[in-house]
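Below you'll find the structure, written out as structure tokens, and then a few comments.
The values are calculated or read from the model by the stated rules, or taken from the named source; none is laboratory data. Note that the structure is predicted; figures quoted are calculated from it, not measured. All Cβ positions, glycine included, derive from the backbone under ideal geometry; neighbour counts span all protein chains shown. Note: accessible area is taken over every heavy atom of the protein model, side chains too, but ligands, DNA and RNA are not part of it. Shrake-Rupley method; radii C 1.70, N 1.55, O 1.52, S 1.80 Å.
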Amino acid sequence: MTRLSGSGDGRSSGPGVDPLSVALEIADAVDGLTNLWSVAAQGASLRLSPHQLRALRVLESEPGLNLTTLAESMDIGPPTASRLCDRLEAAGLLERLLHPHRRREVQLVLTGRGRQILSEVAARRSEALAVALAAMEPGERTALGGGLRAFLTAQGDTGRDIDGSER
């Protein structure tokens, strides 16, 4: 068990804290955040799987992708992406449109309802996160923000993915 899950005295052992120990503490926090994220999303007016939400977020950030590019972005196979899009299209969340310049290519575009659902999920997640953060002391929130920024910087500085391959 880690300190975040309640065991231990809650004090760190100083500036040379073992990275593996910290990683285990962060893993507990990520599990909690993942649960908060999932529960908040499931309270939306239309319940979608995490995979479906991820596809909608990809299409929101890159409108007009084709099926192959969506599959690559999500690291799934084209048949899986096609079935995923079939379900999202049936739910009225995305449309398949012919590309204006390439006759054989189909673009995937969010509908107004798709954008509305994403907005609702984002709002619900933000509200749930704000409730958790409100239970923290102001200094703890500041420290968390600083720690997350440092983590993102360090992650970006490594130039490697988790499997050790170059980015």
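In the range 34-86, which residues are within 16 Å of residue 116 (Cβ to Cβ) and of a type in the set (S, T, N, Q)?
45, 52
Output the number of the condition that residue 55 fails; it satisfies all remaining conditions of (1) out of contact with any Ser or Thr (no Cβ under 7 Å at 6 or more places or on another chain); (2) farther than 17 Å from residue 126 by Cβ; (3) open to solvent by 10 Å² or more (accessible area, probe 1.4 Å); (4) in a helix (DSSP H, G or I).
(3)
Output the residues belonging to the range 20-45 that are surrounded by fewer than 15 Cβ atoms within 10 Å (Cβ to Cβ) and assigned to a loop (DSSP other than H, G, I, E, B).
Those that are surrounded by fewer than 15 Cβ atoms within 10 Å (Cβ to Cβ) and assigned to a loop (DSSP other than H, G, I, E, B): 43, 45.
Could you run through the range 65-86 and say how many residues are of a type outside the set (S, T, N, Q), surrounded by 15 or more Cβ atoms within 10 Å (Cβ to Cβ) and more than 20 Å from the chain's Cα centre (by Cα)?
The number of residues fulfilling the criteria is 1.
Among the residues of the range 98-145, what is the count of those that are open to solvent by less than 70 Å² (accessible area, probe 1.4 Å) and either outside any helix (DSSP H, G or I) or β-branched (Val, Ile, Thr) (or both)?
Residues in the range 98-145 being open to solvent by less than 70 Å² (accessible area, probe 1.4 Å) and either outside any helix (DSSP H, G or I) or β-branched (Val, Ile, Thr) (or both): 11 in total.
List the number of the failed condition for residue 87; all other conditions in (1) closer than 26 Å to residue 45 by Cβ; (2) without any contact (Cβ under 8 Å) to a residue 24 or more places away in the chain hold.
Going through (1) closer than 26 Å to residue 45 by Cβ; (2) without any contact (Cβ under 8 Å) to a residue 24 or more places away in the chain one by one, residue 87 breaks only (2).
Which pairs do you get when a residue that is at positive phi, found in the range 91-115, comes within reach of a residue that is assigned to a loop (DSSP other than H, G, I, E, B) and at pLDDT 85 or above, reach meaning Cβ atoms under 7 angstrom, with the pair 6+ apart or on two chains?
92/111
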